[in-house]
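Read through the structure below, which is laid out as structure tokens, and then see the notes.
The values are calculated or read from the model by the stated rules, or taken from the named source; none is laboratory data. Note that this is a predicted model, so its numbers are computed, not measured. With ideal geometry, Cβ positions are generated from the backbone for all residues, glycine too; neighbour counts draw on all protein chains shown. Remember, those area values only see protein heavy atoms, side chains included, never the ligands or the DNA or RNA. Shrake-Rupley method; radii C 1.70, N 1.55, O 1.52, S 1.80 Å.
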Amino acid sequence: MPDTPAPTAPRFRSGAGRICLDFMRTLRLRGMDGATEELDTPEALTAWVAQLGPYPDGTAVPAPDPDVLREAQAVREAVYALLTAARSPAGPAGCPSGERELLNRAAAAAPPVPVLAVDGTVAWTAADPVGAV
């Protein structure tokens with residue numbers, strides 16, 4: 001019987017119920033000694049999008065430049081700031097204005113687009129797969 005490779009565990013955690021929450025979890029142990037940045041390279045961001053984005057397996061997700069990685073990390077921290085504010089007495093209105101503006105800009109980006117295939121399945125596509133997710 002030929003050797004069958006064991007399935008590999010997903011690289012990134014998922015299952016928080018919303019992609020923004022899974023994205024927020026890419027900074028492990030936030031605020032603690034030993035905090036770990038999972039999105040430490042553009043290639044790591046590409047791997048996260050390929051794993052958790054809506055794209056079919058095998059979709060080519062080009063690695064973004066380092067500026068896009070820094071922007072993605074800033075968006076992640078803005079999500080954290082919004083959720084922290086939402087849990088405070090001030091509610092979401094307590095989210096700092098800079099983070100709110102960053103989240104609004106990110107939300108205004110073109111989202112992935114559904115495409116109905118001949119076989120009836122739906123696939124997702126985007127000109128900028130990283131930015132869309």
Review point. So how tilted is helix 42-52 from the main axis of the chain? Cα-based, degrees 0 to 90, rounded to 10.
Key: 70 degrees
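Considering only protein heavy atoms, what per residue accessible area in square angstrom results for the stretch 32-133 with a 1.4 angstrom probe? Can you show the working numbers first?
Values: 6130 Å² over 102 residues.
Counting only protein heavy atoms, the per-residue value for the stretch 32-133 is 60 Å².
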Study note, to complete from the structure: Answer in debye to the nearest 20: the dipole magnitude of the chain about its Cα centre, from +1 Lys/Arg and -1 Asp/Glu charges placed on Cβ, is 560 debye
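Ignoring any ligand, DNA or RNA, what whole percent of the accessible area of the chain comes from carbon and sulfur when the probe is 1.4 angstrom? If you can, show how the numbers build up before the last one.
On the way: 5140 of 8650 Å².
Carbon and sulfur: 59 percent of the exposed surface of the chain.
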Study note, to complete from the structure: Shape call for the stretch 61-109, from the Cα gyration tensor axes a ≥ b ≥ c (a/c under 1.5 means rounded, otherwise prolate when a/b beats b/c, else oblate), comes out prolate
Review point. Rounded to the nearest 500, what is the chain's calculated 222 nm mean residue ellipticity when only DSSP H runs of at least 4 contribute -39500 (n - 2.57) each, over all residues?
Key: -12000 deg cm²/dmol
**Study point:** Length gained when the stretch R87-E37 is fully extended (0.36 nm per residue, less Cα-Cα span)
**Key:** 15.6 nm
